[in-house]
Amino acid sequence: MPERTPALGDDAGPDPAEFVARLVGFGHALRDEGLPVGSDDMVTFCSAVSELTPSDLEDVYWSGRTTLVHRRDHLPLYDEVFRRYFLGHRSPANPEPAAAEPIVQALSGTLNVPDSEPGAESGDDRPMVLGRQASGVDIQRDKRFADCTPDELAALRRIMARVRLEPPRRRTRRRRSDPSGARLDIRRMARDAMRLSHAAPVLHRLTRTERARPLVLILDVSGSMADYSRNLLQFAYSMRRAAQKVEVFCFGTRLTRITPVLDRRNPDDAMKLAAARVLDWDGGTQIGESLTTFIRKWGRKGLSRGATVVICSDALDRGSPVVLADAMERLSRLCHRIIWMNPLIGHNADTPPSTLGMLAAGPFIDSLESGHDLASLEAFAAELAQVG
C-alpha cells in the first residue's frame, strides 16, 4: 500500500499553498485514471472548497463530486480515487457485489459514500469517514449546561449551530399590495377607474411591510457564568450568522464589542478570536458600569434605537445596584424591548432569583428567559420572531 496522502483535516495545519497543491494533486490523480478533468474544472473545484471548510473532507468530497464529475458512470471511479488519495484505501483485488447504501450524514459530519448506481459493484463497503467523527453521545436537551460532560457540550454546540433563528421584525410605514390587507389602495383604484371608464373597479388592499428589528446581545462572561458563557456565545454566533442586524457584546468588569470577530465561517475560529479579544473573561462582574458604557458609546448613537436588547447574565453583580438601576432605566428609554436571560432561573421563570442585581433590574425587564439548557435556547429562538 502506498504512503497515505495526509488528509486536509489533519492537525498539521498546512498553509493555503499546501491546500491548493493537495487539491491540484487530487485533480491529477483523477486525470491519470482517465477522468476528463480540465484546468477550468480545477479552478472551480478550488473556489468551491475555499467557500466551505477546507479542513473538512466532507466538504472537499462533495465539492469535487459537484465540479469534477460530469457523468454518472464516472462516480465509482471518483469515489475510488478519493478513497485512495485522501484516506489511503485500496480497492480489493476481487470485489464482491454489495447493496446500495444510503447517504447517512450525522451531526458532526460522518458520510457514507453510496454506490453510484443501484446494484453496482463495490469492493469496499466500509463507510468513508470524512472530517470529524460522529459522536455517540446521548443528547438530553433539558440537561443543564453546568451538568454536561465535555463530549455532551461539544455535541450540543454542534446542534446549536444548526438551530434556525429568525430575528424579531417590526412593521414599517411603507405599504405593499395584499389581497387580505386591512386598508384600501385608493390611489390604485382611482387610476383603474379612470382607465376602465364605466367598468366597476376591483378592490385593491394594502398592508404594512415588515423589516428585521435590530438585535443587541450583551453576554456576561464573568467567572460565575463560566458554565454557560461558552454556550451562550455559540448561540450568539448562530444569531449573527442568521441576520446582519445583530450586535454582540461581552462584559465582565468592562464591556467589549465582539461583533466583527463573529463574522467567520468556522465557529471555532470565531470563538477563539472572541476569547482573545475579551480580556476580562472569567473575572468579576460589573453589570451597571458595563451597561453605562454601552449606552454612552453605542446606545445614544443609535445602535439601541428600536432594538431588542437581550442581556444574558446571572445578575451576581459586584457593582452598585444604584448604577445598575440607573443604566437599566436609561436603556429602557432607548430600546424597544429588554429581555433578560438568567441561567439560574432554570424551569421556574415565574420565580426569578432574588439577587440584588435582579431586584435592581427587574422593574425595567420586559421578558425573563432562562437559557440554562438547549431546550430553553431552542424555545427562545422559536419565540424570538414574535417578540416584535
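No value in this document is a laboratory result; all are computed from the given coordinates. Given the structure is predicted, the values throughout are model-derived calculations rather than measurements. Positions of Cβ are backbone-derived with ideal geometry, glycine not excepted, and every protein chain shown enters the neighbour counts.
Points to keep in mind about this one:
- A protection proxy built from the mean count of other Cβ atoms within 10 Å ranks the segments 257-265, 77-85, 285-293, most packed first, as 285-293, 77-85, 257-265.
- Comparing the range 169-278 with the 2.2 N^0.38 Å rule of thumb, its C-alpha radius of gyration ratio is 1.82 (two decimals).
- Viscosity 1.002 mPa s, temperature 20 °C, Stokes-Einstein D of the range 230-370 from Kirkwood C-alpha radius, µm²/s: 138 µm²/s
- Farthest toward positive dipole pole in the range 220-359 [+1 Lys/Arg, -1 Asp/Glu at C-beta], among SER320, TRP281, THR293: THR293
- Two-site FRET efficiency, ASP282 against ASP326, from Cβ-Cβ distance with R₀ of 30 Å, rounded to 0.05: 0.65
- As an equivalent ellipsoid, the range 193-251 spans semi-axes of 52, 9, 8 angstrom, where each value is the square root of five times an eigenvalue of the C-alpha gyration tensor, largest first.
- Cα pair distances exceeding 20 angstrom across the range 255-313, given as percent: 37 percent
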